[in-house]
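A short reminder: the numbers here are calculations on the coordinates, not readings from a lab. Just so it is clear, the model here is predicted, and its values are computed rather than measured. In this analysis, Cβ positions are derived from the backbone assuming ideal geometry, glycine residues included, and neighbour counts consider all displayed protein chains.
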Amino acid sequence: MLDGLSFQSFHLDDYSFAENGDGQIDQFTQHMYYTPQQALSVWDRKLLHPELLEKANNRQHWDKELLFVKICLPNYDRDASKLDFRGKPYASITIDVEHEHIIWQSGYNSFPVAIPRWETSPKEVFARSPGMFALPDAKTLQAMGKTMLIGGQMAVNPPTWAFNDAVISPIRNLPGGLTILDASSQA
């Protein structure tokens with residue numbers, strides 16, 4: 001049982017969200033991939049589909065990942081007289097997609113997902129953060145830092161030249177690089 005805030009970070013491939021008419025996020029969908037054994041560790045055995053339980057007991061299916069979807073959205077069928085999930089303003093439903101089976105239903109008094117958005121364009125749900133404005137400056141600073149590091153290495157350990165009767169190596173202008181030159185080219 002959790003007794004504090006739960007934080008999870010999701011990859012863009014694993015979730016989607018939608019806005020209501022006021023531009024506020026009020027729907028969230030998360031794709032979760034579990035093997036049958038992992039599903040047993042996440043949910044109570046009584047909640048799972050019988051075919052999923054068979055797969056969990058069959059070693060041939062232990063490593064096959066199955067798709068589960070968790071949807072959180074406004075509870076349009078809300079019955080305020082109910083004290084369980086049916087009376088909450090937001091509904092949460094977890095579905096076993098392969099078996100088309102609802103595993104869990106619950107509800108929330110407020111939307112349970114925080115989706116920070118700094119700036120959006122018209123008709124755009126995914127947003128840009130302030131980091132996008134700083135990205136060009138950050139890349140410039142990284143390039144300058146790389147130049148300074150290479151310059152410092154060149155000052156401490158410069159490339160050298162050595163003479164021989166013929167050029168037997170490519171030009172190496174890295175710090176400490178050695179290039180063998182033709183001795184007759186010194187004329």
Original post:
Treating the beta-carbon of each Lys and Arg as +1 and of each Asp and Glu as -1, no other charges, what is the dipole magnitude of the chain about its Cα centre, to the nearest 20 debye?
Top reply: 320 debye
**OP:** Would you work out if the stretch 51-114 is rounded, prolate or oblate? Take a ≥ b ≥ c from the square roots of the eigenvalues of the alpha-carbon gyration tensor; rounded if a/c is under 1.5, else prolate when a/b is larger than b/c, oblate otherwise.
**Re:** prolate
Subject >> Full-stretch length increase - ALA143, ILE71 - with 0.36 nm per residue and alpha-carbon distance subtracted >> reply: 21.6 nm
Subject >> Rel. contact order, % - alpha carbon contacts under 8 angstrom, at least six apart, the stretch 13-115 >> reply: 23 percent
Original post:
Using a Gaussian network model of the chain with C-alpha springs under 10 Å, which one of THR94, THR120, THR29 is most mobile by mean-square fluctuation?
Top reply: THR120
Original post:
Say we join alpha carbon atoms closer than 10 Å with springs in a Gaussian network model of the chain; which of ILE71, ILE103, ILE171 then has the biggest fluctuation?
Top reply: ILE171
Original post:
Which of the aspartates and glutamates could a cross-linker span from LYS70 if the Cα-Cα distance has to be under 12 Å and same-chain partners fewer than 8 positions apart are dropped?
Top reply: ASP14, ASP96
Original post:
If you count the DSSP beta bridges with both ends in the chain, what percent of them are antiparallel, to the nearest 5?
Top reply: 85 percent
**OP:** Compare the Cα positions of SER81, ASN173, PHE7 along the charge dipole of the chain (+1 at Cβ of Lys, Arg; -1 at Cβ of Asp, Glu; about the Cα centre) and return the one farthest towards the positive end.
**Re:** ASN173
Original post:
Gaussian network model of the chain, Cα springs within a sub-10 Å range: biggest mean-square fluctuation belongs to which of GLY23, GLY176, GLY87?
Top reply: GLY176
Subject >> the stretch 82-149 and the stretch 1-68: distance between their alpha carbon centers, rounded to Å >> reply: 16 Å
Original post:
Working out 0.36 nm times the residue gap between ASN173 and TYR108, then minus their Cα-Cα distance, what length gain in nm do you get to one decimal?
Top reply: 17.0 nm
Original post:
Considering the dipole of the stretch 65-181 built from charges on the beta carbon (Lys and Arg +1, Asp and Glu -1) around the Cα centre, which of GLY131, VAL69, HIS101 is farthest to its positive end?
Top reply: GLY131
